[in-house]
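> Below is the structure I would like to discuss, written out as structure tokens.
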Amino acid sequence: MSGSRVLTSVVGGQAVAGSDERPDVNPSDLSDLVAIASLGGTSVASDAVAAASAAFATWSRTTPWQRAEVLDRAGTEIIARADELGDLLAREEGKTYPEARGEVVRAAQIMKYFAGVALQPHGQALDSVRPGIDITVTREPVGVVSVITPWNFPIAIPAWKIAPALAFGNTVVFKPADLVPASAWELVDILNRAGLPAGVLNLVLGRGSVVGPVLTGDPAVSAVTFTGSVETGRGILAGSAGSGIKVQLELGGKNPLVVTERADLAVAVECAMQGGFGSTGQRCTASSILVVTDGVHDAFVDALTARMGAWSVGDARTGGIDMGPVVDASQLAQDSSYLDTARAEGAEIVGGKRVDGATEGHYLTPALAVGTSITDTINREEVFGPVMSVVRVADYAEALAAANASTMNLSAGICTADLAEASHFKRNSKAGMVMVNLPTAGVDFHVPFGGRGESSHGPREQGTAAVEFFTTSKTAYTAPGSPS
Ligand code: NAD
């Protein structure tokens with residue numbers, strides 16, 4: 001692996017090499033080595049927590065303007081480098097270049113949004129119910145925040161955790177997913193050069209099973225914000241039970257899209273295509289189960305199948321393609337295994353073929369499991385690939401019941417032109433986010449994000465909700481006549 005770019009952890013502003021290495025491989029071209037991650041162990045993680053802890057006293061007392069300026073500068077650089085960073089992200093993760101560039105721009109928007117949030121008032125001055133006493137409710141930073149992220153949004157998810165953490169005066173230890181160290185490294189480099197004092201933002205490249213317990217269990221850590229699988233998230237929650245630290249989890253999704261006979265068929269097909277196969281279906285908000293009422297089922301499946309046949313799959317950085325590869329061999333094996341199980345449980349599989357590209361990569365065509373029941377395995381577990389299934393139901397009432405059968409209620413959608421159906425669905429869906437005539441995936445950064453059931457734990461992320469997790473509230477009472 002000599003000659004490749006080596007990425008290291010960053011602790012207290014210094015590059016720190018680890019004792020192990022992991023290749024960062026392009027899933028569109030397995031002969032293309034993007035970089036080599038130098039993986040640290042528990043001592044690197046402990047040092048990063050110590051550096052963040054030491055930096056907290058100063059950073060937490062910076063003015064909102066100082067924090068806003070850093071975030072704003074970082075956002076400006078990210079936008080200026082959107083082409084290059086988008087290319088890196090597409091190369092490393094495998095979503096198409098337009099999707100990857102869009103994600104980079106989103107990260108910049110998040111930086112700038114939280115630069116503004118830092119400047120907004122978050123406290124309150126109130127009258128007491130007792131005469132003459134003044135009350136203030138202030139928001140204070142929590143302390144050292146561990147940020148642990150998945151591979152499917154290599155820059156946007158880190159941005160939407162790190163930006164509010166810094167905006168509210170916390171210091172950060174950031175551990176990205178093993179598959180996408182390069183995008184993470186660039187984000188940290190940009191923020192540090194934008195003016196963060198050493199130790200405020202630390203990067204730990206290391207295996208989750210090794211460094212994770214330090215980042216979630218060190219007594220100097222005050223909060224953990226995690227996005228990833230239900231299994232890992234549950235482990236973190238169980239491990240933190242005795243320590244009382246704040247834990248925010250955004251986990252898996254099993255997202256239904258309801259299509260009724262009152263839907264505009266073209267809109268419904270497009271919502272399913274974008275929601276199910278955008279970013280190669282590797283989104284927690286991906287449309288996964290298509291719940292279709294009897295009257296439109298066959299026409300919808302025919303139209304969707306035709307559209308899937310025209311969907312091009314190839315190298316993420318080739319212009320004009322619709323879908324890049326699956327992220328790695330184990331995810332590809334998981335996708336194929338769910339399709340095999342669906343077939344064994346009686347579904348007819350449309351698409352879902354391994355295909356060759358110009359280079360060797362993890363290419364899979366979009367897949368649709370037709371004729372499934374809501375209780376089938378494929379409709380209960382998260383696939384996390386370009387795989388959707390169809391469940392035929394008699395009417396809207398049955399559709400709502402099927403949509404609400406999910407236990408990972410992150411996002412749910414309905415395609416209908418009937419206002420009464422749309423309103424009823426918005427009111428009665430069990431999901432944390434509801435989309436009407438829109439794909440289940442695709443959200444804004446200035447409003448709360450999160451699911452229900454097994455999908456989320458703790459306060460919502462993003463936008464107006466971020467203040468809840470990244471600050472702690474203090475209520476102060478002042479007696480009359482106290483020195484001002
Ligand atoms: P994962 O759970 O395997 O890994 C997530 C992160 O946790 C990685 O950085 C990993 O290294 C780390 N990790 C692993 N073991 C750990 C441990 N013991 N302690 C601490 N950290 C540990 O998930 P993934 O495969 O990277 O991502 C895919 C999953 O993420 C899917 O389930 C998807 O639905 C979910 N996801 C959820 C959202 C959301 O907002 N709800 C968004 C994106 C992805």
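The values are calculated or read from the model by the stated rules, or taken from the named source; none is laboratory data. In this text, all values refer to a predicted model and were calculated from it rather than measured experimentally. Virtual Cβ from ideal backbone geometry, glycine too; neighbours counted across all protein chains shown. For the accessible areas, the whole protein counts, side chains as well, though only heavy atoms, and no ligand, DNA or RNA atoms are used. Shrake-Rupley method; radii C 1.70, N 1.55, O 1.52, S 1.80 Å.
Condition check ((1) touching a residue at least 60 places away in the same chain (Cβ under 8 Å); (2) more than 15 Å from the ligand (Cβ to nearest atom); (3) hydroxyl-bearing (S, T, Y)) across all residues:
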| position | (1), (2), (3) |
| --- | --- |
| I157 | yes, no, no |
| I162 | no, no, no |
| A165 | yes, yes, no |
| N170 | yes, yes, no |
| V173 | yes, no, no |
| D178 | yes, no, no |
| S183 | yes, no, yes |
| I190 | yes, yes, no |
| G195 | yes, yes, no |
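> Tell me the residue from A412, A476, A405, A397 that is of a type in the set (A, V, I, L, M, F, W, C) and assigned to a loop (DSSP other than H, G, I, E, B), please. Write out each step before concluding.
Numbers: A412 fails: assigned to a loop (DSSP other than H, G, I, E, B); A476 fails: assigned to a loop (DSSP other than H, G, I, E, B); A397 fails: assigned to a loop (DSSP other than H, G, I, E, B).
Result: A405 is the single residue among A412, A476, A405, A397 that is of a type in the set (A, V, I, L, M, F, W, C) and assigned to a loop (DSSP other than H, G, I, E, B).
> What residue, of T280, T285, is within 14 Å of the ligand (Cβ to nearest atom) and either farther than 30 Å from R317 by Cβ or part of a helix (DSSP H, G or I) (or both)?
T280
> Let me ask something additional. Checking T96 against (1) over 29 Å from I236 (Cβ atoms); (2) surrounded by fewer than 21 Cβ atoms within 10 Å (Cβ to Cβ), which single condition isn't satisfied?
(2)
> Considering only residues that are of a type outside the set (D, E) and within 14 Å of the ligand (Cβ to nearest atom), which ones fall in segment 288-331?
Of the residues in segment 288-331, the ones of a type outside the set (D, E) are 288-293, 295-297, 299-301, 303-314, 316-321, 323-327, 329-331.
Within segment 288-331, S288, V326, V327, A329, S330, Q331 meet the criteria.
> Also: Can you name every residue in segment 145-155 that is surrounded by 24 or more Cβ atoms within 10 Å (Cβ to Cβ) and in contact with an Asp or Glu (Cβ under 8 Å, 6 or more places away or on another chain)?
N152, F153, P154, I155
> Related question: Show me the strands (runs of 3 or more DSSP E) found entirely inside segment 205-268 where at least 2 residues are of a type in the set (G, A, S) and at negative phi. Can you show your working first?
Details: elements: 221-227, 246-250, 255-259.
Once the strands (runs of 3 or more DSSP E) in segment 205-268 are filtered for at least 2 residues that are of a type in the set (G, A, S) and at negative phi, what remains is 221-227.
> Working only within segment 351-392, note down all residues that are out of contact with any Leu (no Cβ under 8 Å at 6 or more places or on another chain), open to solvent by 50 Å² or more (accessible area, probe 1.4 Å) and assigned to a strand (DSSP E or B).
Listed by number, the residues that qualify are G371, R392.
> Does V129 fit the bill of being at negative phi, open to solvent by less than 50 Å² (accessible area, probe 1.4 Å) and modelled with pLDDT of 95 or more?
Answer is no for this residue.
> Among the residues of segment 134-144, are any in contact (Cβ under 8 Å) with a residue 40 or more places away in the chain, open to solvent by less than 10 Å² (accessible area, probe 1.4 Å), assigned to a helix (DSSP H, G or I) and touching an Asp or Glu at 6+ places or on another chain (Cβ under 9 Å)?
no
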